[in-house]
Amino acid sequence: MTELPKSYDFHDYEEKIYRDWESKGYFKPWNDPNKLGFDPTIQPFVIVMPPPNITGALHLGHALFVAMEDLIIRYHRMKGEPTLWVPGTDHAGIATQLQVEKQLAKEGLAKADLGREAFEQRVWQWKEQYGSQITQQIRQLGASCDWERERFTLDPGLSRAVREAFVRLYEKGLIYRGPRMINWSPGLMTAVSDLEVEYSEEPGTLYYFKYMLADGSGEYIPVATTRPETILGDTAVAVHPEDPRYQKLVGKQVVVPIIGRAIPVIADDYVEREFGTGALKITPGHDPHDYEIGQRHNLPLINILNKDATLNENAGPYAGLDRFEARKKLWEDMRAQGLVIKEESYMLNVPRSMRGGEIIEPLVSTQWFVKMDSLAQKAKTAVEAGEIIFVPERFTKIFYNWMDNIQDWCISRQLWWGHRIPVWYCQDCGETIVARETPTHCPKCGSSRLEQDPDVLDTWFSSGLWPFSVFGWPDETSDYKYFYPTSVMETGYDIIFFWVARMIMDALEFTGKAPFHTVYLHGIIRDENGEKMSKTKGNVIDPLELMDAMGTDALRFTLLVGSTPGNDMNVSAKKVEANRNFTNKVWNIGRFVISAIDRAGEKPTTEPISTLSDSWIWARMKQVVNNVNDLFENYQFGEAGRQIYEFLWNDFADWYIEISKRQLAQGGSRAYFTAFGLARVLDTMLRLLHPYTPFVTEALWSYLKESCIAAGLPTEPRSGWEEALIVAKWPDRYAMDNWDEEFIKDFSLIQEIVRGIRNIRSEYKIAPARKLGAVLVSENLQILLESQKLVLCDLAGLEEEDTLIYTRKPDDLEGMVSLVVNEVEVFLNIVGRGDDEAERARLEKELQELESQISRLEALLAGPFAQKAPAKIVDAEREKLEGYRVSTQKIREQLSQ
RNA sequence: GGGUGGUUAGCUCAGUUGGUUAGAGCGUUGCGUUGACAUCGCAAAGGUCGUAGGUUCGAGUCCUAUACCACCCACCA
């Protein structure tokens, strides 16, 4: 006998259940290449977890992907596939370095005080201390991943993979080093990639000024700029070749304000004649377009910025000033010299660093780059060939678009935390050595004076290798051979370019295989008003708090059911609360079922004929199982969850359990088989629900199992109880029989009658406890009604002895309240009901509604619909019309009495 | 400038081969402790599915145009 507490207290179960799962090894694939009896022919199901940053405290975005992946993993595990989910964390170069620098700052230290080695050590310390926090929180979410295979992007093995990848790309000529225009982050003091720059619209100024001709004629070319300080780096002024205003000036020299350098006027058709003054100052050192123009015209390139965005010695009198100070000062000086024409307010698109938020400066710098076009084309081809599909599909186009316009990727970062670039420079002969392992001497001159490139690689360089580096690549390990390529990549659409695209390119390049066959993309989580959550807005919802207050299952269910693939999702505590109620509902369904089983008694020798209710709930359950299977195969987890929820609450709890109470009270074989039926439905539904709410289902299922065994209930068609729900068999599709539909149809009629009677009771304010007498009349359904009399009485509050069922209307119905459901007439004996007028009005209203439906259907069936629509659809409408007609006629009769 | 998503009940959202009275949760209103559940039950109110055209026997669902919101890509000084 199991007595469960009245409400589900998740605190009692979550931690314990998780520990139990893990200790029993359920998170590990049952078919493992490192174990005896391994069968390589069985296809595994594999997900590699998008590694969260070690800096991260768990946020709802993590909670969403963990819940989603865990759902997919649990589903496949229950289907019996060897299932592996590889967890891990990312070293997150910039983010982590900043975090540690912040910590140092509190001690009054800068990283330079420590020096590189000590600083790196400090970061490792930090990682030891805080890096496990996030994985601990992921456990709390119920993630059933194989923690023995946990990886970190800076692990020795994965670092080796990074060097291997770098060297291979270099040897193929796909990695090169050179001066290029890059995005420089003065705050972070490093180069960043194009993807790490965000543009924000901000009000600013367009400055108009004079570029005086060098010939002293006093003539000038008017030029406009948004960044006056870059004037100091100008090496030409460009005009459109066919611009009549300036044509004659092409080839002449003009003078750079203040510093007096003479530069040429050139012609280039990049210049738009209509924009600004039609003349463009060219700063090849600090503008991507100017850089290209400079290349075309062989212009010199002047860098005016230091790494911290102060001006350097090329800025003459402004050297040492911050870029914005210099802008102000220079403009004042130019005004004093009469070079200023005007200022105009102007909407700027300011490039800002995604991380630090400060303004990015484009400048020319020597960095390492990956040549992308050939990699991208290969990736695109693979997707076109269907080797990888995106869910939802629309992201395929976005993917192609990026691949077609891809730029080379700047991969070097001027940071200390990350994968050091595996390149050494000979201090004697200047040779560049690119190697997998640290070289001892220069292969060219033999010198041992080698210095490694000080830079590290973009964090995403190692992330791109993740799907295979976690399995030991470049070694052909047994894990790599069995588990790679993986199955599904589940992640947010916001990192398609950063990560998904690069994984695909890298995998094809290095392993020759697509790294996964499906990319499932989820959306971004927002607050209840659709705004992005941010600390400054103060609208951040902490998943840990939610879990603590409402339970992990409630949070998971909310995230899983509230989202549609690829769409953003608004989350509020209210929603989680609603699902907390659902977990409690499930708990109480279990509580009821288990107590029924405990009282089931001895197995009787004969099995009674199933009631309509029994057949109905079973048929409905089969429908749900089949739907859920279909939906899962199409990644429609939200809809599947909703159907499970609806079935459990609205069909099973609200109707069937209520009905079962009477069946249980009847005792004997009826009670026994009712309990058995309850157990079977609950067992099946817990299986379906488990991937969503693993804890409450696991807890309940073990009680259910215990009770069933104690009661000696059979488990067929299964041969016995599994060890635990997490490894229990997933419900396969059922074959639906045509009588299933009949059960559902018949039962719906009973439901409609019950609802109709309840409705009237409510209208007439009849106390729920008060039983009513009733007369039911139906020519054709009398047998069905008779068989369901008890159900009707129980659910609609009718007095059993005063409830009569006829095929013909008796005469003594005077003064009873009536209603019509299809061809069934119901007369309720309501003493002390309202006046006849009100009753008349009610019937007339109903009649009106029916008549409008009838005329609608008559018109429909008289039109071309009858000829053109499929016969099945037309017949259904005809049948409906017939039903309405019968009902109308009955109401008319009642009105005429 | 190019592209994507959204616009459905007071609020937050479902609605995948177009099928004919459009669904849920929350909120609202009225009743209520029958052998699990007040984290509950019963009943009810509430929507011309952004707008305008079109295709079709039939459109929330497909096509065209358009408005507004959000986002992505590109970045004309």
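The values are calculated or read from the model by the stated rules, or taken from the named source; none is laboratory data. Keep in mind that what you see is a predicted model, and the values were worked out from it rather than measured. Neighbour counts are summed over all protein chains in view; Cβ atoms, including those assigned to glycine, are modelled from backbone coordinates with ideal geometry.
Can you tell me which condition residue A:665 does not meet? The list is (1) touching a residue at least 12 places away in the same chain (Cβ under 8 Å); (2) under 22 Å from residue A:3 (Cα atoms), and all the others hold. Residue A:665 satisfies every listed condition except (1). The residue that is nearest to the chain's Cα centre (by Cα), counting only those in the range A:649-665 that are near RNA strand B (Cβ under 6 Å from one of its atoms) and acidic (Asp, Glu), is A:654. Scanning the range A:377-411 for residues that are closer than 30 Å to residue A:184 by Cα and not in a helix (DSSP H, G or I) returns A:405, A:406, A:407, A:408, A:409, A:410, A:411. Restricting attention to the range A:545-572 and to residues that are surrounded by fewer than 16 Cβ atoms within 10 Å (Cβ to Cβ) and part of a helix (DSSP H, G or I), the residue that is farthest from RNA strand B (Cβ to nearest atom) turns out to be A:545. Applying the condition of being of a type in the set (Lys, Arg) and farther than 24 Å from residue A:193 by Cα to the range A:495-531 and asking which residue is nearest to RNA strand B (Cβ to nearest atom) yields A:526.
If you go through the range A:479-498 and pick out every residue that is over 21 Å from residue A:45 (Cα atoms) and either in contact with a helix residue (DSSP H, G or I) (Cβ under 8 Å, 6 or more places away or on another chain) or modelled with pLDDT of 95 or more (or both), you end up with 4. Residues in the range A:318-355 that are farther than 19 Å from residue A:211 by Cβ and among the aromatic types (Phe, Trp, Tyr): A:324, A:346.
The number of residues in the range A:1-55 being in a loop (DSSP other than H, G, I, E, B) and either within 16 Å of RNA strand B (Cβ to nearest atom) or in contact with a helix residue (DSSP H, G or I) (Cβ under 9 Å, 6 or more places away or on another chain) (or both) comes to 29. Screening the range A:486-513 for residues that are outside any helix (DSSP H, G or I) and charged (D, E, K, R) and picking the one that is nearest to the chain's Cα centre (by Cα) gives A:490. Against the list (1) within 16 Å of RNA strand B (Cβ to nearest atom); (2) not in a helix (DSSP H, G or I), the condition residue A:841 fails is (2).
From the list A:235, A:153, the one residue that fits, being within 16 Å of RNA strand B (Cβ to nearest atom) and either buried (at least 20 other Cβ atoms within 10 Å of the Cβ) or at pLDDT 95 or above (or both), is A:235. Give me the pairs, please: first residue somewhere in the range A:781-800 and within 16 Å of residue A:614 (Cβ to Cβ), second residue anywhere and within 16 Å of RNA strand B (Cβ to nearest atom) and among the small types (Gly, Ala, Ser), beta-carbon distance under 7 Å, and either six or more positions apart or on two chains. Taking only residues 6 or more apart or on different chains, the pairs are A:791/A:613.
With respect to residue A:644, is the statement that it is within 11 Å of RNA strand B (Cβ to nearest atom), among the β-branched types (Val, Ile, Thr) and buried (at least 17 other Cβ atoms within 10 Å of the Cβ) true? Judged against the criteria, residue A:644 is not a match. The residue list A:779, A:742, A:799 contains one member that is away from RNA strand B (no atom under 16 Å from the Cβ), modelled with pLDDT under 95 and over 43 Å from the mean Cα position of the chain (by Cα), which is A:779.
Restricting the range A:384-416 to residues that are within 11 Å of RNA strand B (Cβ to nearest atom) and free of Cβ contacts under 8 Å to residues at least 40 places away in the same chain, the residue that is farthest from residue A:461 (Cα to Cα) is A:393.
Residues checked against (1) surrounded by fewer than 19 Cβ atoms within 10 Å (Cβ to Cβ); (2) at pLDDT 90 or above; (3) part of a loop (DSSP other than H, G, I, E, B):
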residue	(1), (2), (3)
A:242	yes, no, yes
A:259	yes, no, yes
A:263	no, yes, no
A:276	yes, no, yes
A:281	no, yes, no
A:289	yes, yes, no
A:300	yes, yes, yes
A:316	yes, no, no
A:333	yes, yes, no
